[in-house]
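Here the structure comes first, spelled out in structure tokens, and everything after it is commentary.
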Amino acid sequence: MRLIDFNLSTADLDRQLPLFWEHDQQRSPIQSLNLTDHQLVLTQKKAAKPMTLDQFSARTRQISSPTGLYVLTATGVEPLFGYRLSDGQLLLG
């Protein structure tokens, strides 16, 4: 998924939605992000407070290049393909 597509599709959502990475039916809060080589890599951490959609938007507002969304896992960097809303959370996967 590209950052621009994510931003366009979430424009009308509640800005206070917390962001989580969902994998194998487990949720991990998205804590921070790093931009490297047209990749926006989200860092998840089990015991962290999740970043909100508003915080994510504020931190990525100045990024203008075609940027893909990825998540850092124990096995490396994996691409994100989409998201869904569940229980007042925005779940990336």
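The values are calculated or read from the model by the stated rules, or taken from the named source; none is laboratory data. Keep in mind it's a predicted model, so treat the numbers as computed, not measured. All Cβ positions, glycine included, derive from the backbone under ideal geometry; neighbour counts span all protein chains shown. Surface accessibility is based on the protein's heavy atoms, side chains included, excluding ligands, DNA and RNA. Shrake-Rupley method; radii C 1.70, N 1.55, O 1.52, S 1.80 Å.
Just so you know, in the stretch 70-93 the residues that are more than 13 Å from residue 19 (Cα to Cα) and assigned to a strand (DSSP E or B) include one that is nearest to the chain's Cα centre (by Cα), and it is 70.
The sole residue among 58, 11 that is in a loop (DSSP other than H, G, I, E, B) and among the small types (Gly, Ala, Ser) is 11. Annotation note: Cβ proximity below 6 Å between a residue of the stretch 66-93 that is open to solvent by 20 Å² or more (accessible area, probe 1.4 Å) and a residue that is acidic (Asp, Glu) and outside any loop (DSSP other than H, G, I, E, B) (sequence gap 6+ or interchain) occurs for 93/22.
For the stretch 10-28, the set of residues classified as within 13 Å of the chain's Cα centre (by Cα), of a type in the set (S, T, N, Q) and more than 13 Å from residue 71 (Cα to Cα) consists of 10 only.
Taken over the stretch 35-55, the criterion of being within 13 Å of the chain's Cα centre (by Cα) and either hydroxyl-bearing (Ser, Thr, Tyr) or assigned to a loop (DSSP other than H, G, I, E, B) (or both) is satisfied by 43, 45, 50, 51, 52.
Note on the stretch 9-46: among residues that are touching a residue at least 12 places away in the same chain (Cβ under 8 Å) and of a type in the set (Asp, Glu), the one that is surrounded by the fewest Cβ atoms within 10 Å (Cβ to Cβ) is 14.
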